[in-house]
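Everything on this sheet refers to the single structure shown next.
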Amino acid sequence: MSGALEGAVSQLSLAGVPGARVDAELLVGHVLGLSRGAVQSKAVTDAPLGAADAATIAELVDRRAAREPLQHITGRAPFRSLDLAVGPGVFVPRPETEQVVQFAIDALRAVAVPEPVAVPDPVAGSAAVPEPVEGPPAGPIAVDLGTGSGAIALAMATEVPHARVYGVEVSPLAFVWTKQNFRESGAANATPVFTDLAIALPELNGTVSVVISNPPYIPRAAIPRDPEVRLFDPEIALYGGDDGLDIVHQVSATGLRLLHSGGTLVMEHGELQAAEIAALLRADGWLAVASHPDLLGRDRATTALRP
């Protein structure tokens, strides 16, 4: 196995793939059904590799060397505690978004959940807690605008199980993956919604605690450098008009409509857009607008409160 692994590392390195060794180990593990640690262990002992497995590994390495995203090849993408199905037509969730969604999760967890009201029991002559009422839970509501794979919405739903979470998607190609991941997650408190962001969920107007979005924010003329993004991510998830802010305006307007007073808006954006987006949100009337750096010190998220 060691020869096949080292050959894969060399081929991916020559193709300019970032993290060539990691991707090579993950591809070998995908074919053999092994973790990265198990692949490393078997490579050290030079465990035998069958001809069919070797041929499959070579085929997948060729695809990755052509800069097809690793997640498209394996069909899966990790996100926080989730393992998501992804492929052509849907934006592959990024590690940096895991930090952005934490702002939404923290805001949801901070919403108080009303306790059941004790009512007098006419038989016992004492207070008794009523039976739960059928219907939606009394916890906070969150909406992810442009949910794509469902990564953000499902992270909120699984990590804040007393919340109701809606994932809104407009692309029919992406919504195929949205539905699959919502179904696979088993999160009964998460609902996928296929509709335009501007008209989404009017029945929730003024009742939502958190609205979050990772909208398309790349200016149309700013072509991404990475082939994995430029060639494989859907354009609808990348480009936000001439200045990159077309969908940001929509998110602001929809957030103001959906959120109750004091509700939280969370938005991911490009590292050079924080000041422009802050000005946009303040002009729309948002309060407490603040940008937040990622682990590399780049301003990649903005939060705000609805007046």
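Take the conditions (1) farther than 30 Å from VAL160 by Cβ; (2) touching a Ser or Thr at 6+ places or on another chain (Cβ under 9 Å); ALA51 misses just one of them, which is (2).
Restricting ALA38, ALA15 to those that are among the small types (Gly, Ala, Ser), in contact with a Lys or Arg (Cβ under 8 Å, 6 or more places away or on another chain), more than 30 Å from PRO293 (Cα to Cα) and surrounded by 14 or more Cβ atoms within 10 Å (Cβ to Cβ) reduces the list to ALA15.
For segment 64-79, how many residues are within 25 Å of ALA142 (Cα to Cα) and buried (at least 18 other Cβ atoms within 10 Å of the Cβ)? Count: 2. Only one of the numbered conditions (1) in contact with an Asp or Glu (Cβ under 9 Å, 6 or more places away or on another chain); (2) touching a residue at least 60 places away in the same chain (Cβ under 8 Å); (3) more than 20 Å from GLY148 (Cα to Cα) is not met by SER209, and that is (1).
Among the candidates GLN99, GLN11, which residue alone is of a type in the set (S, T, N, Q), touching an Asp or Glu at 6+ places or on another chain (Cβ under 9 Å) and either farther than 30 Å from THR264 by Cβ or not in a helix (DSSP H, G or I) (or both)? Walk me through it before giving the result.
Values: GLN99 fails: either farther than 30 Å from THR264 by Cβ or not in a helix (DSSP H, G or I) (or both).
On inspection, the qualifying residue turns out to be GLN11.
Within segment 227-246, if we keep just the residues that are surrounded by fewer than 18 Cβ atoms within 10 Å (Cβ to Cβ) and without any contact (Cβ under 8 Å) to a residue 60 or more places away in the chain, the residue that is farthest from HIS162 (Cα to Cα) turns out to be ASP242.
Of the residues in segment 74-88, at least one is assigned to a helix (DSSP H, G or I) and not assigned by TED's automatic domain parsing to the domain that holds THR264. Listed by first and then second residue, the pairs with beta-carbon distance under 6 Å, at least 6 apart or on different chains, first residue in segment 274-299 and in contact (Cβ under 8 Å) with a residue 60 or more places away in the chain, second outside any helix (DSSP H, G or I), are HIS292/ALA301; ASP294/ARG300. Within the set ALA174, ALA221, the sole residue that is farther than 22 Å from PHE79 by Cβ and among the aliphatic types (A, V, I, L, M) turns out to be ALA221.
Looking at ALA301, ALA283, can you tell me which residue is exposed (fewer than 15 other Cβ atoms within 10 Å of the Cβ), at pLDDT 95 or above, farther than 17 Å from VAL168 by Cα and not β-branched (Val, Ile, Thr)?
Values: ALA301 fails: exposed (fewer than 15 other Cβ atoms within 10 Å of the Cβ).
Criteria check complete, one pass: ALA283.
In segment 257-268, the residues that are outside the structural domain of GLY139 (by TED's automatic domain parsing) form no Cβ pair under 8 Å with any partner that is in a strand (DSSP E or B), whether six or more places apart or across chains.
For the condition surrounded by fewer than 18 Cβ atoms within 10 Å (Cβ to Cβ), of a type in the set (A, V, I, L, M, F, W, C) and modelled with pLDDT of 95 or more, what is the one hit in ALA163, ALA188, ALA221, ALA174? Show your work before the answer.
Working: ALA163 fails: surrounded by fewer than 18 Cβ atoms within 10 Å (Cβ to Cβ); ALA221 fails: modelled with pLDDT of 95 or more; ALA174 fails: surrounded by fewer than 18 Cβ atoms within 10 Å (Cβ to Cβ).
From the options ALA163, ALA188, ALA221, ALA174, the qualifying one is ALA188.
Residues of segment 130-154 that are β-branched (Val, Ile, Thr), at pLDDT 95 or above and part of a loop (DSSP other than H, G, I, E, B): THR147 alone. TYR166 falls short on exactly one of the conditions (1) touching a residue at least 40 places away in the same chain (Cβ under 8 Å); (2) within 14 Å of ALA104 (Cα to Cα), and that condition is (1).
For (1) of a type in the set (Val, Ile, Thr); (2) assigned to a loop (DSSP other than H, G, I, E, B); (3) under 25 Å from LEU305 (Cβ atoms), each residue gets a yes or a no:
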{"residue": "MET156", "(1), (2), (3)": "no, no, yes"}
{"residue": "PHE175", "(1), (2), (3)": "no, no, no"}
{"residue": "GLY206", "(1), (2), (3)": "no, yes, yes"}
{"residue": "HIS260", "(1), (2), (3)": "no, no, yes"}
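Can you pull out the residues in segment 262-307 that are of a type in the set (Asp, Glu) and in a strand (DSSP E or B)? Of everything in segment 262-307, those that are of a type in the set (Asp, Glu) and in a strand (DSSP E or B) turn out to be GLU268, ASP299.
The values are calculated or read from the model by the stated rules, or taken from the named source; none is laboratory data. Keep in mind that this is a model prediction, so the values were computed, not measured. Don't worry about glycine lacking a Cβ; one is built from the backbone with ideal geometry, like all the others, and counts go over all protein chains shown.
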